[in-house]
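*Asks:* Okay, here's the structure, questions in a sec.
The values are calculated or read from the model by the stated rules, or taken from the named source; none is laboratory data. Remember, it's a predicted structure, so these values are computed and weren't measured experimentally. Backbone-built Cβ (ideal geometry, glycine too); neighbour counts: all protein chains shown. Side chains are part of the model used for accessible areas, which takes the heavy atoms of the whole protein and leaves out ligands, DNA and RNA. Shrake-Rupley method; radii C 1.70, N 1.55, O 1.52, S 1.80 Å.
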Amino acid sequence: MAEQEKKDNILYIFIDESGDFTFSNKGSKFFILTAASTIHPLNRRDLPLSARYELLCEGYNIEYFHATVDAQVVRNKFYEKIKDLPDYEIDSVIAEKRKANFTLYEEVMAESSKTGFLKIKTEQVHEKFYKQLCETLLKYVCHRYLKIRASLGIKKVVVVLDQALPNKKREFVTKSIKQYIKSHFGLVPYMYFHSTKSDVNCQIADYCCWAMKKKWTDNELRPYNEIKHNVKSEFDIFRNGEKYFY
């Protein structure tokens, strides 16, 4: 029992993203971050893994699961396996990019006490946009596990983000998000950027994020209906915005 309790006080959060940082009609309409969280990252994870072996025997060359490129029959199989999978919860933050103030994606001039004005590059602004969404997402996840499920006694959190975030943005995101977790929730944070293929939990997060994307972008609910019973929060961060900036 003591060993089980020791394992249960670690929260694992796997985060995937959908969308791009092109803030114009040429880019994606939404930028979406989706988290699959659990305190039991190994519990019955043989179920989604078994989908790969079943598909290999049917002639599908599946190295790992990635919803964007997988064939529909492959998606159906993976959703079938994770539909009743225990011990994971889904949270998502959705940003309709054209409602984002232009200061979130254009180069701006910020006042500096030393030099008067300092030019902030677009890349740095994008980092802050990503940071804002990530902090909002983690707020929902961590609050639930610490407050609503306080009996678990969570002490540490392991956050695994999609490797798609460029290397030059990772240092800023890692430092700021770890500080946010420490200061707001008192948890010991660990952050990593892993390829989707590295872990079945990353692939679960990928499929959950793809379901959110299909719902919000294409109004297609079939993938979402496969996971909606595990969705704990779905937050449209610019929901009150009435002005479009492009």
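*Asks:* Quick one: what pairs do we get from segment 229-243, first residue within 27 Å of TYR88 (Cβ to Cβ), second open to solvent by 40 Å² or more (accessible area, probe 1.4 Å) and at pLDDT 95 or above, C-beta under 8 Å, 6+ apart or different chains?
*Replies:* If the second residue must be open to solvent by 40 Å² or more (accessible area, probe 1.4 Å) and at pLDDT 95 or above, the pairs left are LYS232/TYR140; SER233/TYR140; PHE235/TYR140.
*Asks:* A further question follows. Within the group TYR224, TYR207, TYR246, which residue is free of Cβ contacts under 8 Å to residues at least 24 places away in the same chain and either of a type outside the set (A, V, I, L, M) or buried (at least 19 other Cβ atoms within 10 Å of the Cβ) (or both)?
*Replies:* TYR224
*Asks:* I would also like to ask the following. Could you give me the residue pairs with C-beta distances under 7 Å whose first residue belongs to segment 78-100 and is farther than 19 Å from LYS139 by Cβ and charged (D, E, K, R), whose second residue is in a helix (DSSP H, G or I) and at pLDDT 95 or above wherever it lies, and which are 6+ apart or on separate chains?
*Replies:* Taking only residues 6 or more apart or on different chains, the pairs are LYS81/LEU47; LYS81/PRO48; LYS81/SER50; LYS81/ALA51; LYS83/GLU226.
*Asks:* Cβ-Cβ below 7 Å, separation at least six or inter-chain, first residue in segment 32-59 and in contact (Cβ under 8 Å) with a residue 24 or more places away in the chain and farther than 23 Å from LYS214 by Cα, second basic (Lys, Arg) and buried (at least 18 other Cβ atoms within 10 Å of the Cβ): which pairs?
*Replies:* LEU47/LYS81; SER50/LYS81
*Asks:* Please go through segment 144-190 and pick out each residue that is within 30 Å of LEU47 (Cα to Cα), touching a residue at least 24 places away in the same chain (Cβ under 8 Å) and open to solvent by 20 Å² or more (accessible area, probe 1.4 Å).
*Replies:* Once the filter is applied, which keeps residues that are within 30 Å of LEU47 (Cα to Cα), touching a residue at least 24 places away in the same chain (Cβ under 8 Å) and open to solvent by 20 Å² or more (accessible area, probe 1.4 Å), segment 144-190 yields ARG144, LEU146, LEU152, GLY153, LYS155, LYS156, VAL158, ASP162, GLN163, ALA164, TYR190.
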